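Read through the structure below, which is laid out as C-alpha cells, and then see the notes.
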Amino acid sequence: MSTECGGTIVHARLDFAEHEELDAVSAVAFIAFLLMRDWRNLRRRPTFHRLGLALLALNEQLERDRAAAQAQIRDLIGQYVDGQPMVRAGDRVVEPLFTAAEIASAFTNITLPNAAVRDRAKPVIAALVRRAERWRLRGALRWHHALPEAEDASTVDSLIALSTVHRGDALSYVTRALLADIEDFTRNHPPARSGCDCLIPPGAATGHHDHVWLLMLDHVESAVGDQVLQALATARQRRAGEEDGPAPDPLLVVAAAGRWRPAWGQWWREPWRTGAGDREPIPLFSSAERAQWLRHARQPVAPRTNPARAWYPVWLDSVPVDRLLGSDAGTELGVVVSRLASGHPGAAGDILTQTDASRTAAGDDQPAPTVLDARDDAGIPLWRRAVPGLLPDGGPWPTVPPPVVVAARLSEPGRAGDDLPAHRFPDAVQTLRELRGALWVSTFAARPSPLWPIGRGDEEHPATLHPWLSRSLLAGLAAEGADAWVDLFAGVYEIEPDPSRTLFRDLAQGRFGDVVKELAGLFDTVDHRAWVRALDDATSAPCRLPHTEPFAVSYRRLAPDHVPGRTALESAVTSVTALLWLYRDPLSVPGPLHGDVAKVPWHKQVRLGFEKLAHVSARSEVSALEEAASQFETLT
C-alpha cells in the first residue's frame with residue numbers, strides 16, 4: 001500500500017512492534033513527523049502547529065492568568081525556536097526530522113515533566129511550531145480556544161487546563177490536535193492535480209477527486225497501539241458530533257492486528273461464525289466496498305458510543321503464491337508450501353528455510369512431502385517449531401494437548417458445532433476461544449472441496465483451523481503413534497455419535513476398506529446429492545499415510561488394479577474415494593497416475609470415476625454425479 005501511494009498520497013507507516021520505545025503521546029507526535037515531509041504534489045510541507053502548542057503546554061507549567069499565559073506561550077515559542085537548526089529553504093525532507101527514539105526520549109512521561117525531559121522536548125516541539133507566522137499561530141490558538149475545555153473563546157483556557165489540571169487527558173488532546181492540523185492543511189493547501197498518480201474511475205466527468213491522507217499501523221494489539229486506536233476513534237466520533245456539522249475527516253487509518261476485538265461483534269459477524277443474522281460479514285480486503293463502509297459509518301451515533309464502532313474490519317487476502325515462493329512456485333515443494341501455508345508468509349518462509357537446511361544436512365534431495373518432518377541443526381522437526389508453546393516438550397504425552405483436540409474437531413466440516421465437553425477434553429474450549437481470538441480459526445481458512453456446492457449448495461463452509469497450524473498439530477499427534485491418533489478421533493466422534501459422521505471417523509482412523517464398503521452400499525439407497533455430501537465429508541478426514549512416496553504409489557496402494565470379484569460400482573467408489581482423500585491432504589502433491597509416465601492425470605481419473613458411477617447407478621436422477629464429474633474437467 002505504501003508503495004502504491006508513492007509521493008503523491010500523503011502517508012505514514014508505524015509498526016508498534018518495531019518501536020516499543022514509544023508511549024501513546026510520543027506515538028502521535030511521531031506520526032506527525034512521518035507526515036511532515038516533502039510530497040511531490042504539495043507546494044509546502046504539512047505543518048502541525050496545534051499539536052506543537054499542545055505539546056508545549058504539556059512541557060511547561062503555564063500561568064493560570066489568561067493574559068499572562070498567552071504572552072508566555074509566545075515567549076516560549078521564541079525561546080524554543082531560537083538557536084535550533086532548521087531545514088533550509090529549497091532542501092527536500094524525505095525522512096522524519098527526528099527518529100522514533102528521539103521523540104520517545106522527548107515525550108515519554110511528558111505529563112510528569114522534569115528539567116531533563118523538558119530540555120529534550122524543546123527541539124522537537126520547536127520543529128512543530130517553527131514558521132508559525134502570526135496569522136497561522138492565531139489560527140492554531142483559535143482552535144484551542146474553541147475546545148470545550150475553554151470557558152471563553154478569546155482565551156487560552158484549554159491550554160492552561162492541559163498544562164495544569166488536565167494532564168491525564170493528554171492523549172485525547174494531542175490526537176484531536178493532530179486531526180485538526182491535518183484537516184486545516186488539506187483545506188488550505190489542496191494537492192496539485194497535475195502531479196497526481198491516482199487512477200480515475202472510468203466515466204468521471206472531470207477527474208476531480210479528493211485525496212485522503214493514509215496512516216498505516218501494524219501490531220495495534222499492543223498496549224500502546226490499542227491506546228492510539230482508541231484515541232483516534234474517540235476523536236473522530238467527537239468531530240462527527242460537533243453542533244455545526246462534522247468537519248471533513250481526511251485521515252484514513254488502516255491498522256493491521258493479530259487479534260479480534262470483541263467490541264466489533266456488536267456490528268460485525270465474528271470471522272469464525274456462519275449465518276448472516278443481523279450483522280455484516282467481514283469482507284476480504286480486496287472485496288472491501290466503500291458502500292458497505294458508508295452503510296456502517298452513517299448509522300446514527302448515540303452519545304458515548306463505543307469507539308470500536310469507528311472501524312471497518314476486513315480480512316487480509318492470502319499472499320499470491322508467486323510472491324511467496326518465486327521460482328519455487330511450480331515445483332513439488334512449491335505445491336506443498338502453497339497448500340500448507342495457504343498464503344501465510346511466515347509459514348511459507350519457515351517451510352522453505354527449514355526444508356533447505358534439511359536437504360543440505362542430508363546431502364541429497366528429499367521428497368517435498370516430508371516437509372513437516374524436516375529437521376533443523378538441533379534435530380527439531382518443523383511441525384514442532386510451528387507450534388511453540390502449544391505442545392509439551394518430549395513425549396509420550398500423558399494426555400492429548402487441547403490444541404490437538406481442537407485441530408481434530410475442526411477438521412470435520414460435517415460437525416454440528418465446535419463444542420468440546422470439559423469432562424472429556426479439559427481446557428479444550430478455552431484453547432478454542434484463544435485460537436479464535438488470535439484469528440487462527442476462521443471461515444477464511446476453509447478451503448471447500450469442488451464437491452461442496454454439489455452436496456450442500458450455497459451453505460457456508462464452517463470455520464476451520466488454518467492448515468499450517470492444523471497439520472503441524474496433527475503431525476505431533478501422528479508422532480505419538482497410531483494408537484493415540486485412533487483414540488483421539490474416536491473420542492471426538494463420541495461428542496456427537498451420529499451415524500452420518502461415522503465415515504469421517506473411520507477414514508481418519510485409516511479404515512479405508514470399511515469406508516469404501518459403506519459408501520458402495522449406500523450408493524443406490526439415498527439421493528445421489530446426499531451421497532456426494534457423505535463422500536465429501538468423509539474424504540475431508542486427515543490422512544496418516546506416509547508422505548515419503550509419490551501420489552500415484554499411495555493411490556495404487558489404496559486402489560489396486562484388477563481385484564477379483566470387485567464390481568464396477570465398488571471399483572469406481574474405491575478410486576474416487578482414494579483420489580479425493582489424497583488430494584485433500586495439504587501434504588500431498590497430486591500428480592499423474594500409473595508411475596512416472598503420465599498416462600492419466602489424477603483429476604481426469606476422478607472425473608472418469610464419477611462418470612462410471614452415473615453409468616452404473618440404479619436411480620433415474622444422476623445429475624449430482626454428472627455435476628461432480630464436471631468439477632474435475634480442468635482441475636490440476
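The values are calculated or read from the model by the stated rules, or taken from the named source; none is laboratory data. Keep in mind it's a predicted model, so treat the numbers as computed, not measured. Because the Cβ atoms are built from the backbone with ideal geometry, glycine has one as well, and the counts that use them run over all protein chains shown. In case anyone asks, the SASA skips ligands and DNA or RNA and just uses the protein heavy atoms, side chains included. Shrake-Rupley method; radii C 1.70, N 1.55, O 1.52, S 1.80 Å.
Things worth noting here:
- In sequence order, the stretch 604-617 has phi-based couplings of 6, 5, 5, 4, 4, x, 5, 5, 5, 5, 5, 5, 8, 4 Hz under the Karplus curve 6.51 cos²θ - 1.76 cosθ + 1.60, θ = phi - 60°, and Gly or Pro positions carry x.
- Calculated from backbone phi, Karplus (6.51, -1.76, 1.60) coupling profile of the stretch 174-179 in Hz, x at Gly/Pro: 5, 5, 5, 5, 4, 5
- Of the solvent-accessible surface of the chain, computed with a 1.4 Å probe over protein heavy atoms with every protein chain present, carbon and sulfur atoms account for 51 percent.
- Here the stretch 385-634 is treated as a sphere whose radius is the Kirkwood value from Cα pairs; by Stokes-Einstein at 25 °C and 0.890 mPa s it diffuses with a coefficient of 129 µm²/s.
- Within-11-Å neighbourhood charge of L34 [Cβ basis; K, R +1; D, E -1]: +1
- Dipole of the chain, positive direction: furthest Cα of L217, A568, T8, with charges on the beta-carbon: T8
- Cα point-scatterer Debye curve for the stretch 1-62, base-10 log of I(q)/I(0) at q = 0.18, 0.24, 0.25, 0.27 Å⁻¹: -0.78, -1.06, -1.09, -1.15
- The figure for D527 is an accessible area of roughly 80 square angstrom, using a 1.4 Å probe on the protein chains alone.
- Only Lys, Arg (+1) and Asp, Glu (-1) charged, at Cβ; the chain dipole about Cα centre in debye: 1600
- Using a probe of 1.4 angstrom and keeping all protein chains present, the accessible surface of the chain works out to 48 square angstrom per residue.
- Rule-of-thumb Rg ratio for the chain [Cα; 2.2 N^0.38 Å; N residues]: 1.22
- Computed from phi, the 3J(HN,Hα) profile of the stretch 98-112 under the Karplus parametrisation 6.51, -1.76, 1.60 (θ = phi - 60°) reads 9, 7, 4, 5, 5, 5, 4, 5, 6, 10, 4, 6, 5, 6, 10 Hz, with x in place of Gly and Pro.
- Unit charges on C-beta of K, R, D, E only; dipole of the stretch 503-636, Debye: 280
- Computed over the stretch 397-464, the quotient of the alpha carbon radius of gyration and 2.2 N^0.38 Å is 1.22.
- Averaged over residues, the count of other Cβ atoms within 10 Å places the peptides 124-130, 76-82 in the sequence 124-130, 76-82, highest first.
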